[in-house]
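The values are calculated or read from the model by the stated rules, or taken from the named source; none is laboratory data. Remember, it's a predicted structure, so these values are computed and weren't measured experimentally. Backbone-built Cβ (ideal geometry, glycine too); neighbour counts: all protein chains shown. Just so you know, the surface numbers come from the protein's heavy atoms only, side chains and all, with ligands and any DNA or RNA stripped out. Shrake-Rupley method; radii C 1.70, N 1.55, O 1.52, S 1.80 Å.
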Amino acid sequence: PNRRVVRVMPNVPCLVGGAACGFSCGELATEDDRDIVKAVFGTVGMVVEVDEHLLDAVTGLSGSGPGFVFEFIEGLIDGGVRCGLPRSKAKKLAAQTV
């Protein structure tokens, strides 16, 4: 009670400056709080404000999304290897493709 709260969902690409961060402000959060969140998380990627009830969707999409992309890349690599490419070359091709 009587606390300013901001929830943020960053994702793994923040490690390389390519994050997609969603955030939601509580009822008592101020415009300054919003600006701070945008400034801090903007240094590691994109920042989008959403309503609180949508933050779970952000978690599923951009929070978990990179993991699915990595699995997809692994599938591309495996497919390339099955077609005769050396794994190192298939990896380079798949990573650049995505």
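Can you give the longest stretch of the chain with no exposed loop site, where a site means trypsin sites (Lys or Arg not before Pro) in a DSSP loop (not H, G, I, E or B) with at most 14 other C-beta atoms within 10 Å?
Of all site-free stretches, the longest is 5-98.
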Averaged per residue, what accessible area in Å² does the chain show with a 1.4 Å probe, protein chains only?
70
Roughly how tilted is helix 65-82, in degrees to the nearest 10 and between 0 and 90, from the longest Cα axis of the chain?
0
For Cα extents along the principal axes in Å, the listed values are [x] 41, 38, 26; [y] 62, 24, 15; [z] 40, 29, 24; which was obtained by calculation from the structure presented?
[y]
What aspartates and glutamates could a cross-link reach from K91, if we take a straight Cα to Cα line under 13 Å and drop same-chain neighbours fewer than 8 places away?
E71, E74, D78
For the chain, give the percent of accessible area contributed by carbon and sulfur heavy atoms, probe 1.4 Å, rounded to a whole number.
60
Counting DSSP beta bridges with both ends in the chain, the antiparallel % (nearest 5)
45
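Let me know the charge dipole size of the chain about its Cα centre in debye, to the nearest 20, where only the beta-carbon of Lys, Arg (+1) and Asp, Glu (-1) is charged. Each step should come with its number before you reach the end.
On the way: 10 positive and 12 negative charges, 153 e Å.
Here the size comes out at about 740 debye.
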